[in-house]
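**Student:** This is the structure, below, for whatever I ask next.
The values are calculated or read from the model by the stated rules, or taken from the named source; none is laboratory data. Because the structure is predicted, anything quoted here is derived from the model rather than measured. Methodologically, a virtual Cβ is constructed for each residue, glycine included, from the backbone with ideal geometry; neighbour enumeration extends over all protein chains shown. To get the accessible areas, we keep the full protein, side chains included, count just its heavy atoms, and leave off ligands, DNA and RNA. Shrake-Rupley method; radii C 1.70, N 1.55, O 1.52, S 1.80 Å.
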Amino acid sequence: MFDVAGRNTVIKMGRKVIPPGTPAPSSGQYKVPGSKTEVTAVKGKPMPPTSKPGQGYVEVDKTKHKNG
């Protein structure tokens, strides 16, 4: 466990779990592990609340940008 922007971030199975309210490290799709809940996050904007205390989000699909 280590601290990111004043909040604890846990690494589970090689993936960072981002707590609710923490700014998203990158834009993309994030999921609550063990649930079907998936959200779209924008880099630097706070992650939304979760349905249960102690839950967080893992990135499942980073936003892809066209060069152009």
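**Student:** So which residues in region 13-24 are out of contact with any Gly (no Cβ under 9 Å at 6 or more places or on another chain) and modelled with pLDDT under 95?
**Tutor:** Within region 13-24, M13, G14, R15 qualify.
**Student:** If you go through region 33-68 one residue at a time, how many are part of a loop (DSSP other than H, G, I, E, B) and either open to solvent by 30 Å² or more (accessible area, probe 1.4 Å) or out of contact with any Gly (no Cβ under 7 Å at 6 or more places or on another chain) (or both)?
**Tutor:** Number of matching residues: 24.
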